[in-house]
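Structure first, then comments.
The values are calculated or read from the model by the stated rules, or taken from the named source; none is laboratory data. Owing to the predicted nature of the structure, the values given are computational and were not obtained by experimental measurement. Heads up, the Cβs are rebuilt from the backbone with ideal geometry, glycines too, and the neighbour counts pull from every protein chain shown. Just so you know, the surface numbers come from the protein's heavy atoms only, side chains and all, with ligands and any DNA or RNA stripped out. Shrake-Rupley method; radii C 1.70, N 1.55, O 1.52, S 1.80 Å.
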Amino acid sequence: MSCPAHHHDRRTFIGLLGVGLAATIAGCSTSAPTATIPPNVVPTPGATLAHGPTPVPAEPLPPIPPPHPGTSTTISRGIAGTSKICLTVDDGFCKECVAGYVDFVRRSGIHLTFSPNGTYSQFWAPHADVIRPLLERRQVQIINHTFNHKDLRRMTDQQIGKELERNDEWVNTTFGITTRPYYRPPYGYHNRHVDGVAGSLGYTKTVLWDGSYSDSEVITPQFLMSQAEKYLKPGVIMLGHANHPAVLGLFNQIVTLINQRNLTPVTLDEMFGTSRAAG
């Protein structure tokens, strides 16, 4: 399968992407590239998370709540003065990458927020039976990233609404949870009008980021780890993608780096005090 390029974080990290694009990696292959890890990151085989939220027992997912329309506020970083970080993973047009991320979360216990597009349902839906228990334990959260990953600024109000509502309905049906009140506009492109339409549908939190692996396009594992080194710091909202395989050989190294820095990965709900029951 060939992976189309999504220039998702081009606007914020265009200068960084040029470095990673200097090398070519075959997209979505089942064999992950061999990574050269920066010398101050010592990989631990089968690394497990040292610092995380207190585990909670699985509880049945709450009924889907009604939307709560309101003014949308933009979130681009976590709460200051905390060791918490939010790892977020977008899109999902690479079968092996989606499977790799889901397995990483399951075996490591790491808390993480997925922002998938329903148009890639064929890669996400097969993992629903694994993801649902993670949602029940509040280890995983799913937010809205629109169904087709198009620039919302170029759409009518009706089209914007359809993109958000269709994706939420897909998440409801597949995983049994709502994505409200969070939505991440494709490419980070949004304006007051787009946020107004989103807010009227209950998406009152527009989620951006202040750190990125810069992996919306093909990059080397070395460059991805250099971005992890640069941005995995207290309070970061970190952007990653389940689109290209460079990350597949690096999960243990990323956990090791998080442990070394005494960081606590949490979902957006855990960072900002929201819940799936309220929506």
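Assorted remarks:
- Some residue of the range 113-135 being in contact with a His (Cβ under 6 Å, 6 or more places away or on another chain), modelled with pLDDT of 95 or more, of a type outside the set (Asp, Glu) and closer than 23 Å to Val197 by Cβ: yes
- Any hit, the range 98-118, residues being in contact with a Cys (Cβ under 6 Å, 6 or more places away or on another chain), in contact (Cβ under 8 Å) with a residue 60 or more places away in the chain, part of a loop (DSSP other than H, G, I, E, B) and open to solvent by less than 10 Å² (accessible area, probe 1.4 Å): no
- Here Ser226 meets each of (1) within 27 Å of His51 (Cβ to Cβ); (2) open to solvent by less than 10 Å² (accessible area, probe 1.4 Å); (3) small (Gly, Ala, Ser); (4) in a helix (DSSP H, G or I) with one exception, condition (2).
- Residues satisfying the stated conditions in the range 253-277, i.e. open to solvent by 40 Å² or more (accessible area, probe 1.4 Å) and assigned to a helix (DSSP H, G or I): Gln260, Glu270, Phe272
- Hits in the range 229-252 - residues which are in a helix (DSSP H, G or I) and charged (D, E, K, R): Glu229, Lys230
- Qualifying residue in the range 84-97 (condition: basic (Lys, Arg), within 18 Å of the chain's Cα centre (by Cα), part of a strand (DSSP E or B) and within 26 Å of Thr264 (Cβ to Cβ)): yes
- Among residues of the range 241-266 that are more than 11 Å from Thr48 (Cα to Cα), those with a beta-carbon under 9 Å from a residue that is part of a helix (DSSP H, G or I) and at pLDDT below 95 at least six positions away or on a different chain give the pairs Ala246/Gly20.
- Within the range 183-218, tally of residues that are touching a His at 6+ places or on another chain (Cβ under 6 Å) and of a type in the set (A, V, I, L, M): 1
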